[in-house]
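Engineer: Below are the structure tokens for one structure; questions will follow.
Only the coordinates and a few stated rules stand behind these numbers; no lab work does. Since this is a predicted model, take the numbers as computed values, not measurements. Every residue, glycine among them, receives a Cβ derived from its backbone with ideal geometry; neighbour counts consider all protein chains shown.
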Amino acid sequence: MEYLKILGQNKLSGAVSISGAKNAALPLIACTILAKNEIKMGNLPNVVDINTFLKLIAKLGGTFTKENNTAKICTSNINNTTATYDIVKTMRASILVLGPILARFGHCEVSLPGGCAIGQRPVDLHLKALETMGAKIIINHGYIEASAPNGLKGSKIVFDKVTVGGTENIVMAAALAEGTTTIINAAKEPEIVQLCEVIASAGVEIQGIGTSTLIIEGTNKELLEIKDFDVIPDRIEAGTYMCAAAIRNEKIKIENVIPMHLDAVTSKLEEMNFEILQDETSVTILPTDEIKPVNIITTEYPGFPTDMQAQFMALATQANGTSTIDERLFENRFMHVSELLRLGADIHLNGNTATINGKNGTLNGTDVMATDLRASSALVLAALVASGETNIHRIYHLDRGYEDLEGKLTKIGANVKRFTE
Ligand code: EPZ
């Protein structure tokens, strides 16, 4: 297994370029299942989850080529409708093939995703919505078996909870359904906006893009001609590098971003007393005289993202005062706390709320273990500011979602090296 060795407290400076968004790219790859043509997708992040999803497309009978950050994907030859356990267990986002395959072929089987490091993460809302659209669904030997021999029917779906993956699955299913689907309480994340725009540019009428009510006119199984596109920049990767600048209290420019997608993160950094300059495609974080504490509640977009909670917790260890973080989306997303404690942080957990007493730079490097993607990035941030060496083990989590993390950090001055245990 590989681990990262970070020698902390190096001066950071310069600029870092942000890759395409993993969480936009995954549903976009799934949506190629709706198409009859080959699609060229640019700005794909070079991360393990993307390669896993492309492998899933190939297992289903589709084809792809990938060179650097561009893939060409063709699903016209799909002849298998089962997403098997071996892939789903490594990547829960595999559930995103359920809507498009079911809509196109009238049946689909997906291994039921289990719980994961951050919570139970059920998919009941995806299934309930597909049932409303006429699917029959049973769970058999650990597999979701969905069928709709006469096709899916446009329906009114009211999500009990805002769900990113659920909204994506139903948008894709609705695109090939018969008639109009209205999704109420839809998620509004930029990743969903891009998915809707790509499907809409293939001729599917979608009203309300970017709002919590989406109205989709299905094609009644007529496959789409999807145009080539580039994946939007990764707002969570960008936010993570913003926190790298902030935790070292240095000036860093974050390039290739859509600043508006970073509003919640920017506004919390401003509350922490950082000045942030923006232009059309970049944000620059400037150092501050005093890092102030902050109170954060995670919520759906456009609120503060759960995927940035762990990184802000690392940052809050450097604030002059006591911060709180209230995690509202996932019931077990504080696995990084015990590892931050090993680095010397002063954090108390009470249910879903973490209280972080800032200690102004008193973290000390040691061995820590990554537990999920964003928890791992919080450990990297803490290591950048800790004294001495920090070894971060199980970094395969980081490789799932951060392209060339060592390369990008090294370029801005960090001392980061990868080793094999
Ligand atoms: C997406 O997960 C992201 N993954 C997650 O990013 C992100 O943390 C999450 O959205 C929230 O923003 C991808 O986009 C691939 P949800 P998703 O359905 O779609 C509950 C990362 O680090 N729920 O919006 O799985 C659920 O348990 C990852 O990149 C149900 O109860 O999240 C959670 O409490 C981790 N039933 C809440 O809704 C369901 O059927 C939101 O989950 C579905 C969800």
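Engineer: With +1 on each Lys and Arg Cβ and -1 on each Asp and Glu Cβ, and nothing else charged, work out how big the dipole of the chain is about its Cα centre, in Debye to the nearest 20.
Structural biologist: Around 640 debye, computed over the chain.
Engineer: What does the C-alpha gyration tensor say about the overall shape of segment 237-298? Classify as rounded when a/c is under 1.5, otherwise prolate if a/b is larger than b/c, or oblate.
Structural biologist: It comes out oblate by the Cα gyration axes.
Engineer: Which aspartates and glutamates have a Cα lying under 18 Å from the Cα of LYS11, excluding residues fewer than 8 positions away in the same chain?
Structural biologist: GLU250, ASP289, GLU290, GLU389, GLU406
Engineer: Right, another one. Output the 0 to 90 degree angle, nearest 10, between the alpha-carbon long axis of helix 48-59 and the longest principal axis computed from the alpha carbons of the chain.
Structural biologist: 20 degrees
Engineer: Please build a GNM for the chain, connecting alpha carbons under 10 Å apart, and tell me which residue among GLY42, GLY154, GLY351 fluctuates the most.
Structural biologist: Answer for the Gaussian network model of the chain: GLY351.
Engineer: Within the chain, what percent of beta bridges assigned by DSSP are antiparallel, to the nearest 5?
Structural biologist: 75 percent
Engineer: Counting only helical runs of four or more DSSP H residues, what would the 222 nm mean residue ellipticity of the chain come to if each run contributes -39,500 (n - 2.57) and the total is spread over all its residues?
Structural biologist: -9000 deg cm²/dmol, from helical runs alone.
Engineer: Which whole-number value in Å³ per residue fits the convex hull of the alpha carbons of the chain?
Structural biologist: In the chain, the Cα convex hull volume per residue is 123 Å³.
Engineer: Another question, if that's okay. Relative contact order for the chain: what is it in percent, counting Cα pairs under 8 Å that are at least 6 residues apart?
Structural biologist: For the chain, the relative contact order is 22 percent.
Engineer: Using the Karplus curve 6.51 cos²θ - 1.76 cosθ + 1.60 with θ = phi - 60°, work out ³J(HN,Hα) for each residue of segment 347-356 in order, rounded to whole Hz, and write x for Gly and Pro.
Structural biologist: 10, 10, 10, 9, x, 8, 10, 10, 10, 10
Engineer: If the cut-off is a Cα-Cα distance under 16 Å, which lysines reach LYS268, setting aside same-chain residues fewer than 8 apart in sequence?
Structural biologist: Result set, ordered by chain and number: LYS292.
Engineer: Provide the per-residue ³J(HN,Hα) series for segment 408-421, in order, calculated from phi with Karplus coefficients 6.51, -1.76, 1.60 and θ = phi - 60°, each as a whole number of Hz, with x at glycine and proline positions.
Structural biologist: 5, 5, 5, 4, 8, x, 6, 9, 10, 9, 9, 10, 9, 6
Engineer: To continue, here is another question. Determine the sum of side-chain charges near THR299: Lys and Arg each +1, Asp and Glu each -1, restricted to other residues whose C-beta is under 14 angstrom from that of THR299.
Structural biologist: -1
Engineer: Starting from the 7 Å offset along Cα-to-Cβ, what nm value, one decimal, do you get for the label separation of ASP279 and ASN79?
Structural biologist: 5.3 nm
Engineer: Can I ask one more? For the chain, set up a GNM with springs between Cα atoms under 10 Å and report which of GLU205, GLU339, GLU280 has the largest fluctuation.
Structural biologist: GLU280
Engineer: Quick one: Karplus J couplings for segment 117-124, per residue in order, coefficients 6.51, -1.76, 1.60, θ = phi - 60°, nearest Hz, x for Gly and Pro?
Structural biologist: 4, 9, x, 5, 6, x, 10, 4
Engineer: Taking 7 Å along the Cα-to-C-beta vector as the label spot, tell me the ARG121-THR353 distance in nanometres, rounded to one decimal.
Structural biologist: Roughly 2.8 nm, to one decimal.
Engineer: Would you list which lysines come within 26 Å of LYS59, measuring only between C-alpha atoms, while excluding same-chain residues fewer than 8 positions from it?
Structural biologist: Within the straight-line limit of under 26 Å, LYS59 reaches these lysines: LYS22, LYS36, LYS40, LYS72, LYS89, LYS136, LYS221, LYS227.
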